[in-house]
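Report on the structure given below.
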Amino acid sequence: MPSALEARDIRVIREGRTLVDGASLVVSYGEKVAIAGPSGSGKSTFLRAMATLIPIDSGHVLLDGVDAIALPPTRFRTRIAYLPQAPPMLPGTVADNVAAGPALRGETLAPERQIELLRAVGLDEAFLTRGANELSGGERQRVALARALANEPKVLLLDEPTAALDPETALQVIELVRSMATAGRGVVMVTHIAAHAEALSGRRYVFQAGKLVAVAEGP
Amino acid sequence: MSYLEIPLPRLVVTLGLVALAILASRWKRLDLERDLAWGALRGAVQLLAIGHVLLLLFKHERPEWVALAISGMLGVAAATSARRVEHGPSARTLFPYALLAIVLGSVVALAPVFIFVVPLHPMYEARYLVPISGMMIASAMNVVAQVFERIFAAAHAHAGEIEQLLALGATPEQALARHVRASVRAAMIPTINSLLTVGLVALPGMMTGQIVSGTAPEQAVRYQIVILYQLVAVAAVSGVLAGEFGRRLLFTPHAQLRLPKRAPASDMRA
Ligand SMILES: Nc1ncnc2c1ncn2[C@@H]1O[C@H](COP(=O)(O)OP(=O)(O)OP(=O)(O)O)[C@@H](O)[C@H]1O
Ligand SMILES: [Mg+2]
């Protein structure tokens, strides 16, 4: 499988503390990776570094083998979907949120496509006109996922997408994430819930002492 | 000129007004006694000193002295608007940006007026140049300070949203647009409000001064209109520039949000 996104020897130092200490990870198209690890171990920091959202002190992020430094940030970031731990909603309705990515490029997202995206994350079209900031935590998580998918990204970087969900909904979201990989996208999911890491049924890593340590091979 | 002179002993009498404020502070435990006393003293000393400086400037009117006076005003204004910006970079980092925003705003407002509206002979005629520049610079200072204050606070409060927009492919301009707009608007509104209420609530200081010292009211009014329009230009130019500079300071060259470290309160050791 060709490598979609690669983090090579990433080091992040903040206020004299080494938060990520030479972590490397390769994700290919169609592949799922779960990252576990104790709270405060640096999982989110590593994921944000992979999304090029924070400066790194050394190392490289490569998209299709090309260093992210050499790509315009907007190009890189529309290829990569990054969902933070508690994705903030943008002002406006759910529709405004779902269409936000294309709108930034001056494109309008067709209403049919908005509905399609909402359905894909398990919401229906009645949500389109709702105020995004009135939604529950789980609904926000799904709208954020739909919003990220509107850019038609090649790789998904998901930070604890199931943490705010009840067990049943969580498994639905994981199923959805798995289907994204089946559709040819690379997926990296951070989760501290072992059952969710397992349910993703891909490669598994633990974040330890600033590095990624392989746990077990998926099928 | 026909105006009533204030002899020094009578000036001292007005200290009673400050004493009154100090008494009120003590009575209601506002804990402002020291600030009031210090402020009253400092304000008086500064103004008396400036009175003498102006006297010298008017008497000798050398271009380099006038330039020096205006540079001093600009320096103090820039340092003031760069100081103690909560959630912002250090005063040292902000100073050059503040200075540039204030200088450009002031020049845009002053140059056309002194060339076409109130042509000065010579160009460095201190009696007009110094006080009118002072008004523009002071206004620019307030606008720049407000824009900085708001823009860094907004970036801090909405970091998650800004980063989410970046992650969706927004440019830094797009990611911060909402907050830049709000900051610049808020900084311009007092100037616009003063346009709307001028004459209805209070007569502006310069106009009052001119009338008291014997200028025909209709000419004083014309001066005031010029000043008001200049202040609008200052607010717009300095405000927009401060917003632009603030945004640049908030992102790395790779379009990453870079929130300044919390600056210690005593940041003016610079
Ligand atoms: N900009 C920063 N400056 C200083 N310290 C930081 C910064 N960002 C993160 N940290 C610290 O780095 C450590 C790792 O944080 P991170 O959010 O990556 O952990 P995590 O593994 O995702 O934890 P959790 O499971 O609780 O989400 C924490 O101790 C955090 O306080
Ligand atoms: Mg985390």
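The values are calculated or read from the model by the stated rules, or taken from the named source; none is laboratory data. Note that the structure is predicted; figures quoted are calculated from it, not measured. As a convention, Cβ positions derive from the backbone with ideal geometry for all residues, glycine included, and neighbour counts pool all protein chains shown.
Computed values, structure above
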item	result
Residue count for the range A:70-90, restricted to those that are more than 7 Å from chain B (Cβ to nearest Cβ) and in a helix (DSSP H, G or I)	4
Failed item in (1) more than 16 Å from ligand 2 (Cβ to nearest atom); (2) touching a residue at least 24 places away in the same chain (Cβ under 8 Å); (3) assigned to a helix (DSSP H, G or I), with A:ASN151 passing the rest	(3)
The one condition in (1) more than 14 Å from chain B (Cβ to nearest Cβ); (2) part of a strand (DSSP E or B) that A:VAL12 fails to fulfil	(1)
Matching option when the condition is within 16 Å of ligand 2 (Cβ to nearest atom) and buried (at least 22 other Cβ atoms within 10 Å of the Cβ), among A:LEU157, A:LEU145	A:LEU157
Only one of B:ILE162, B:ILE227 that is within 23 Å of A:LEU53 (Cβ to Cβ) and in contact (Cβ under 8 Å) with a residue 24 or more places away in the chain	B:ILE162
Residue list for the range A:26-57, filter: more than 13 Å from ligand 1 (Cβ to nearest atom), closer than 27 Å to B:PRO253 by Cβ and more than 14 Å from chain B (Cβ to nearest Cβ)	A:VAL26, A:VAL27
Qualifying residue in the range A:74-83 (condition: within 25 Å of A:SER136 (Cβ to Cβ), in contact (Cβ under 8 Å) with a residue 40 or more places away in the chain, touching a helix residue (DSSP H, G or I) at 6+ places or on another chain (Cβ under 8 Å) and within 16 Å of ligand 2 (Cβ to nearest atom))	yes
Any hit, the range B:248-266, residues being modelled with pLDDT of 90 or more and within 20 Å of the chain's Cα centre (by Cα)	no
Residue satisfying condition, being closer than 23 Å to A:LEU5 by Cα, within 14 Å of chain B (Cβ to nearest Cβ), of a type in the set (A, V, I, L, M, F, W, C) and within 16 Å of ligand 1 (Cβ to nearest atom), within set A:LEU145, A:LEU212, A:LEU149, A:LEU157	A:LEU157
Members of the range A:2-52 that are under 19 Å from A:PRO84 (Cα atoms), modelled with pLDDT of 95 or more and among the hydroxyl-bearing types (Ser, Thr, Tyr)	A:SER44, A:THR45, A:THR52
Out of A:ALA197, A:ALA163, sole residue that is within 16 Å of ligand 2 (Cβ to nearest atom), assigned to a helix (DSSP H, G or I) and of a type in the set (Gly, Ala, Ser)	A:ALA197
Hey, A:ASP57 surrounded by fewer than 18 Cβ atoms within 10 Å (Cβ to Cβ), more than 20 Å from the chain's Cα centre (by Cα) and closer than 30 Å to A:THR18 by Cα or not	yes
Count - residues of the range A:171-194 that are assigned to a helix (DSSP H, G or I) and within 15 Å of the chain's Cα centre (by Cα)	9
Condition check for A:ALA86: touching a residue at least 12 places away in the same chain (Cβ under 8 Å), closer than 18 Å to B:LEU168 by Cα and within 16 Å of ligand 1 (Cβ to nearest atom)	yes
Tally, over the range A:91-125, of residues that are away from every other protein chain (no Cβ under 14 Å) and either in a helix (DSSP H, G or I) or surrounded by 13 or more Cβ atoms within 10 Å (Cβ to Cβ) (or both)	16
All positions within the range A:168-193 that are more than 17 Å from A:VAL143 (Cα to Cα), of a type outside the set (A, V, I, L, M, F, W, C) and in contact (Cβ under 8 Å) with a residue 40 or more places away in the chain	A:ARG178, A:THR182, A:GLY184, A:ARG185, A:GLY186, A:THR191, A:HIS192
Enumeration of residues in the range A:15-25 that are in a strand (DSSP E or B), over 28 Å from A:ALA195 (Cα atoms) and either near ligand 1 (Cβ under 8 Å from one of its atoms) or without any contact (Cβ under 8 Å) to a residue 12 or more places away in the chain (or both)	A:ARG17
Failed item, numbered, when B:LEU120 is tested on (1) in contact with a Phe, Trp or Tyr (Cβ under 6 Å, 6 or more places away or on another chain); (2) more than 23 Å from B:LEU99 (Cα to Cα); (3) buried (at least 19 other Cβ atoms within 10 Å of the Cβ)	(3)
Test: residue in the range B:175-189 that is of a type in the set (Gly, Ala, Ser), touching a strand residue (DSSP E or B) at 6+ places or on another chain (Cβ under 7 Å) and assigned by TED's automatic domain parsing to the domain that holds B:ALA79	no
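Yes/no per residue for (1) closer than 18 Å to B:PRO131 by Cβ; (2) in the same structural domain as B:VAL108 (by TED's automatic domain parsing); (3) outside any helix (DSSP H, G or I):
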| residue | (1), (2), (3) |
| --- | --- |
| B:LEU195 | no, yes, no |
| B:ALA202 | no, yes, yes |
| B:MET206 | yes, yes, no |
| B:GLY209 | yes, yes, no |
| B:THR215 | yes, yes, yes |
| B:GLN219 | yes, yes, no |
| B:ARG222 | yes, yes, no |
| B:ALA235 | no, yes, no |
